[in-house]
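Structure, as structure tokens:
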Amino acid sequence: MQSALERMETLGPNREPACLQALRTFIKGGTAADLEPVLAAVRAAGLAEEASERVRSLRPETENQEAAKTLALRLAPLAAAEQQRRAARWQLDTRRTLIRFNYAKETGALDFDDGDLHALFLQAFRLEGLVLALDLGKRPRPLLTSGLPLAAGLGSRCEPMDAVLKREPPEDSAELITRLNGRLPEGLRIEQWMSLPGYATAPSELARLSRWTWKVDPGLRTRAEAGTAAFLQASTWPWERGPGKSETPLDLRRVIPDMRWTDAGLDFTTRMGPHLAVNPLKLLGAVLGLEPADITGLVRTGVDYDPDPRLGQADRFEPKLKNMYEDAVLLGGGSNIVLVDEDDDEPTILG
């Protein structure tokens, strides 16, 4: 994994802000004399929070630990002040933009799990100079969110991920997709790119059905066909999920509503939603009497989503930014507003 992240740095010019590149250089081998220029550049760019987050995310084996600790201490008050200002302006910030992109995960990337995928896409965005917005947590993190769980060993043609950028990039989506795909390791490829309102519902809340295809190994075909026939003939198929899980068996006939054989292999669907997003390798293994490790070549080919109710009710979910901005300007700008108190008809003067 670490080698994949390092190789991404060699696949093109680093487009990170110059101050963050200087920060990386300092951590790798900077001297005390280099510290103040780095801090000054970060402060001038207004990226103290981003710089602090980068230092926090360093691996324990970072070569220059002392430099990293010193930098973290000096950045802390700058980042705290920036976060306070950002939180105060959060509702008024119209520059943030939510990007939902779909990507394919194929041979070469199948061994990556959710955490790996998050790190790889985060690295790609950073190296291409796309600055992600940070959340408002105590230790702010970049707003890059995996849409649906996808375990190691599983492929996909349609995985969603949400990224919130600090500001909308000037480049068009086709150019950004090309640049990001040029960074990503073999087997990862962004297919679609959509700009959405910030109040859009997360894919995990809208997903209702996943579609899968398993290209069955010929040596398992006969056993798999027999298991599939038995499953489809049963009215219920209780499955004990094991220690630490619910004591009530999960009925796999409810979770897997459809299975059928095609020229490509075994096609089946799994219901999504609360308590139903179970690793499909385990589900299929429980149906066919196989170990999950024996099932290779399983690919998610599609997802059915419910319509997003928020997108049709913008008046409810979109902040009244214009009115809020006007109120802030009027109340803070020394203007004179005359408000009439209906009880005594005496005017009240503000300003």
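The selection criterion, being in contact (Cβ under 8 Å) with a residue 60 or more places away in the chain, touching a Leu at 6+ places or on another chain (Cβ under 7 Å) and more than 22 Å from D308 (Cα to Cα), does not hold for R179.
This table checks each residue for (1) in contact (Cβ under 8 Å) with a residue 60 or more places away in the chain; (2) surrounded by 13 or more Cβ atoms within 10 Å (Cβ to Cβ).
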{"position": "G198", "(1), (2)": "yes, yes"}
{"position": "A202", "(1), (2)": "no, yes"}
{"position": "A207", "(1), (2)": "yes, yes"}
{"position": "K215", "(1), (2)": "yes, no"}
{"position": "L220", "(1), (2)": "yes, yes"}
{"position": "F231", "(1), (2)": "no, yes"}
{"position": "R241", "(1), (2)": "no, yes"}
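Of all the criteria given as (1) in the same structural domain as L117 (by TED's automatic domain parsing); (2) in a strand (DSSP E or B), the one not satisfied by W261 is (1). Just checking, does segment 274-297 include any residue being surrounded by fewer than 15 Cβ atoms within 10 Å (Cβ to Cβ), touching a strand residue (DSSP E or B) at 6+ places or on another chain (Cβ under 7 Å) and either of a type in the set (S, T, N, Q) or assigned to a helix (DSSP H, G or I) (or both)? No: zero hits.
Contact map, segment 183-196: residues that are within 24 Å of R7 (Cα to Cα) and not assigned by TED's automatic domain parsing to the domain that holds E9 paired with residues that are among the β-branched types (V, I, T) and outside any strand (DSSP E or B), Cβ distance under 6 Å, separation 6+ or inter-chain. Pairs shown: G187/T107; I190/I177.
Scanning segment 150-191 for residues that are assigned to a helix (DSSP H, G or I) and touching a strand residue (DSSP E or B) at 6+ places or on another chain (Cβ under 6 Å) yields S173, I177, L180, N181.
Of the residues in segment 113-133, how many are within 15 Å of A163 (Cβ to Cβ) and either over 12 Å from the mean Cα position of the chain (by Cα) or small (G, A, S) (or both)?
Pass one, segment 113-133, residues within 15 Å of A163 (Cβ to Cβ): 117-133.
Within this subset, residues satisfying the condition of being either over 12 Å from the mean Cα position of the chain (by Cα) or small (G, A, S) (or both) are 119, 123-124, 126-131, 133.
Within segment 113-133, residues that are within 15 Å of A163 (Cβ to Cβ) and either over 12 Å from the mean Cα position of the chain (by Cα) or small (G, A, S) (or both) number 10.
Residues in segment 85-137 that are in a loop (DSSP other than H, G, I, E, B) and aliphatic (A, V, I, L, M) were compared, and the one that is surrounded by the fewest Cβ atoms within 10 Å (Cβ to Cβ) is L136.
From the list T248, T222, which residue is assigned to a helix (DSSP H, G or I), at pLDDT below 95 and among the β-branched types (V, I, T)?
On the way: T248 fails: assigned to a helix (DSSP H, G or I).
Exactly one residue qualifies, and that residue is T222.
Just one of (1) buried (at least 18 other Cβ atoms within 10 Å of the Cβ); (2) modelled with pLDDT under 95; (3) charged (D, E, K, R) fails for D172. It is (1).
The values are calculated or read from the model by the stated rules, or taken from the named source; none is laboratory data. These figures come from a predicted structure and were not determined experimentally. Note: ideal-geometry Cβ built from the backbone for every residue, glycine included; neighbour counts use all protein chains shown.
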